[in-house]
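The values are calculated or read from the model by the stated rules, or taken from the named source; none is laboratory data. Note that this is a predicted model, so its numbers are computed, not measured. Virtual Cβ from ideal backbone geometry, glycine too; neighbours counted across all protein chains shown. Calculation scope for accessible area: heavy atoms of the full protein, side chains included, ligands and nucleic acids excluded. Shrake-Rupley method; radii C 1.70, N 1.55, O 1.52, S 1.80 Å.
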Amino acid sequence: MQMPLTLTFWLLFCLAQLSAASAQAPSSSTDKAVRSTLETVGVKLDQPAAGAPAPDAAAADLQQKRAAAEKELNEITQPPAARKGAAGGKVDGRMAERRSLMQQLVQIYEQHLDALRNLEQMRQRVREAERQEKEWDGFPTAAPYSVLKIDELRDAARSMTLTSQGAQTRLNMTEGLTESTQRSLKASQEKARQLSERLEEVQDPAKRETLTADRDLARVRERVEGARAGMLEAEKQQIQEEVAEARHRMALITRQLNVAEQDPAFSQQDYDKIKKRMKAEQQSLTEEMERAVVEQSTQRQAVAAGEAALAAADAKDSLSKSAVARPKAERLTQLTESIELKRLQFDNANLHVELLREMLTGLEQERYIWDVRFATAQETLSVVEEREANAKIAAAAKQIRGWKEYGLQQLSMAGNQISDVEDRLAEAPSPARAQSLTDRLRLSRHREDLYRRALQRTDSLLGLIDNKQAEFAQREQARSVFARMKEWGRASLAMLGNAWHVELFAAEDTIEVDGKTITGRRSVTVGKVVTALAILIVGYWVAGIMARFAERQAIARLQLDPNVANIIRQWALACFFLLLVIVTLMSVKIPITAFAFLGGALAIGVGFGTQNLLKNVISGLLLLLERPLRVGDVIEVDGIRGMVTTIGLRSSTIRDINGVETLIPNSNLLEKNLTNWTYSSFRKRYSLRIAVATGSDARRVKEKLRDLAGEHGQILKEPEPYVLFEDFSEQALVFVLHYWIEISPGIDAATVASDLRFMIERTFAEEKIARK
């Protein structure tokens, strides 16, 4: 789909303006501030010669094409008299479009020539930047280097980064527009081919004339899109050269900055110069503030006087019965507009005062930053103090950036107001209205200037903060690992010491002094909470060790059942933990009333939660008394079959054949059907069905099966295995091998059955017994 001509032409115009700006001044890849800084640090920017010639061949070809296009455009602009009588006005419509396309074509050729000329200039600048980068071998002055010079280099690096990003954005726009133009060119070529093919098939003279005109118009479109594609390609090459130049300039600045940062110096002379400059700025801002306050008071009185005059005129007109209403309305309108202008002046005066206060505050922040930097350079500031100062500066930078966003929004609003007033001024119905709008425009522009000035100082302050943070980061990197660890340890200890006494909340407590009950409040601090948790953890760990030791002794010496000993150990641990909580709170002087707010929620939780809990606990006690299962038994409940590994207060654990352990509430073991495979004996019988071909020796098969079962090491010899002849038919004889194994953690019934099948398969193959 073709891009609309208006949008395409507008984008081309924007790119052309950017390219023209690049060609007219040597600051195409750097702004004025960057150029000044680069020249300060020794980087020379060559001034391209005005009207530098483009490459001969391409320029000559484009000039010929432009001349031909201009000639064709002149012919269309002054058409022959024979064309005036075209029927239906269709030819006139095509002529208008053709004229527009030819105008675009001429302008595109002009832009292409400019792009070629700028491209050659940019290539020269890139070569010069590359040469300067390669030839630079150090500063003309010896080290150390002033922090002011280092700051200039940092500012230049930031500005160059922004310049490179802007050029890259332009490059992306140009590439996107190039792709769109290529699609349009392809569509135009396809349209021209189709019209040519249709023209070959048409014989009617009228239709041929129409198709011929359409084909010629399509070819003109094709020429325009082709010329635009070539021009955009030249624009892209030019911007690529700008990016390359910025890259070389940035590389040179980076090298210079790296060298300068290796040996910085902040002399007393530089510090005195900075203080003198800031003192002069403060005096200037203070004097300006005094004048602004006076202006603010004057404008306030003017607004009050205007509002009083408007109110008096309105009251007089309401009492008057004169028939001349129109002059009165005009007079009131003029008074209203006058008051609006006075209010705008008053708003500007208020804004001026407010921004001056912000500038003075920013100047104080700038003085603080320079004081910190000088103290750091003179090593009169400790590392901890420097980090605290850097944290304060970072917090201030966050606030300043927030104000900058607000200022940019207000600046945008002021620009919109200026555009609106300019549009209204262009359509002013009377000289008086035009004068009012002119005054409003002047005030709006004054408001815009105020915001621009404040934003410039804000950018300067943010640049200083960025330089300070870069300097701080460099100092941090230069510190040794041992020094960093030592400083980190001190800072951590200080932070922990401060955090140890942080009060979380205060709880009411009652104590007795000399027989009198006194009610007060105790602080619950982080230290108390950590101490209490430590006592609880260590106490519970020690209690667990002692309880397990007592359990083993009770089983070994008192011959106590292991399950009973386990339950006694768990109950003892629960009671000991409750006692430990109370003792811990008393030892760290945390009143139990601190948890009174949990009473209601705890009561509700106990009411709902203890129902199932008590049910399972009682079921666990019954399991220990009735002993329908023990640890090590193989049971099956709820479709889960496995070995009992633990029997706890609330639940028991079963490990299945896959090693997966399942927690089963004790109540389920009593309320649901439970199969205990090892309740009275660990010996269980298993069966294996074997089918052999009809005609096989049944007794021989029986003996072989029984012998094979006897050879397996995990099959019990008593009761001995036996074989039953279960069934026979015309296809097969069916035997069943019954054998006994003892259930234990090391014996798997499925593995035994698999082993038997392998043995039977091998033996039957050797004995030539056919299986079915």
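Of note:
- For the residues Lys702, Lys768, the requirement of being on the phi > 0 side of the Ramachandran plot and either open to solvent by 70 Å² or more (accessible area, probe 1.4 Å) or part of a strand (DSSP E or B) (or both) singles out Lys768.
- The residues listed here are Leu443, Leu464; of these, the one that is under 18 Å from Leu363 (Cβ atoms), of a type in the set (A, V, I, L, M), touching a helix residue (DSSP H, G or I) at 6+ places or on another chain (Cβ under 9 Å) and open to solvent by less than 40 Å² (accessible area, probe 1.4 Å) is Leu464.
- Residue match in the range 201-217 (condition: among the small types (Gly, Ala, Ser) and surrounded by 20 or more Cβ atoms within 10 Å (Cβ to Cβ)): no
- One residue from Leu381, Leu351 being free of Cβ contacts under 8 Å to residues at least 12 places away in the same chain and surrounded by 14 or more Cβ atoms within 10 Å (Cβ to Cβ): Leu381
- Test: residue in the range 545-564 that is over 30 Å from Gly632 (Cβ atoms), modelled with pLDDT of 80 or more and among the β-branched types (Val, Ile, Thr): no
- No other residue among Gly710, Gly659, Gly695 is in contact with an Asp or Glu (Cβ under 8 Å, 6 or more places away or on another chain) and of a type in the set (Gly, Ala, Ser) apart from Gly710.
- Residue count for the range 729-757, restricted to those that are in a strand (DSSP E or B), under 60 Å from the mean Cα position of the chain (by Cα) and among the hydroxyl-bearing types (Ser, Thr, Tyr): 1.
- Of all residue pairs spaced 6 or more apart or on separate chains, those with beta-carbon atoms under 8 Å, a first member in the range 181-199 that is in contact (Cβ under 8 Å) with a residue 40 or more places away in the chain and a second member that is open to solvent by less than 30 Å² (accessible area, probe 1.4 Å) and hydroxyl-bearing (Ser, Thr, Tyr) are Thr181/Thr8; Ser184/Thr8.
- Residue match in the range 265-273 (condition: touching a strand residue (DSSP E or B) at 6+ places or on another chain (Cβ under 8 Å), in a helix (DSSP H, G or I) and touching a residue at least 24 places away in the same chain (Cβ under 8 Å)): yes
- The set of residues from the range 116-150 being touching a Gly at 6+ places or on another chain (Cβ under 8 Å) and buried (at least 17 other Cβ atoms within 10 Å of the Cβ) comprises just one member, Arg117.
- Taking the range 388-438 as the range and being open to solvent by less than 30 Å² (accessible area, probe 1.4 Å) and under 27 Å from Ala473 (Cβ atoms) as the test, the residues that pass are Ala389, Asn390, Ile393, Ala396, Ala397, Ile400.
- Each residue in the range 713-754 was checked for being surrounded by fewer than 13 Cβ atoms within 10 Å (Cβ to Cβ) and of a type in the set (Asp, Glu), and 3 pass.
- Considering the range 237-263, and only residues there that are farther than 13 Å from Leu171 by Cβ and of a type in the set (S, T, N, Q), the residue that is surrounded by the most Cβ atoms within 10 Å (Cβ to Cβ) turns out to be Gln256.
Condition check ((1) modelled with pLDDT of 70 or more; (2) surrounded by 18 or more Cβ atoms within 10 Å (Cβ to Cβ)) across all residues:
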{"site": "Ile582", "(1), (2)": "yes, no"}
{"site": "Gly609", "(1), (2)": "no, no"}
{"site": "Leu614", "(1), (2)": "yes, no"}
{"site": "Leu622", "(1), (2)": "yes, no"}
{"site": "Arg641", "(1), (2)": "yes, no"}
{"site": "Val644", "(1), (2)": "yes, yes"}
{"site": "Arg650", "(1), (2)": "yes, no"}
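- Pair list, Cβ under 6 Å, 6 or more apart: the range 664-679 residue over 14 Å from Val631 (Cα atoms), other residue assigned to a helix (DSSP H, G or I): Pro665/Asn616; Ser667/Lys615; Ser667/Asn616; Ser667/Ser619; Leu670/Ser619
- Residue among Asp727, Asp656, Asp697 that alone is touching a Gly at 6+ places or on another chain (Cβ under 8 Å) and of a type outside the set (Val, Ile, Thr): Asp656
- Single residue of the range 283-309 satisfying the filter (surrounded by 16 or more Cβ atoms within 10 Å (Cβ to Cβ) and out of contact with any His (no Cβ under 6 Å at 6 or more places or on another chain)) that is farthest from Gln345 (Cα to Cα): Leu285
- Among the residues making up the range 180-194, those that are within 12 Å of Asp214 (Cα to Cα) and not hydrophobic (A, V, I, L, M, F, W, C) are Ser188, Lys191, Arg193, Gln194.
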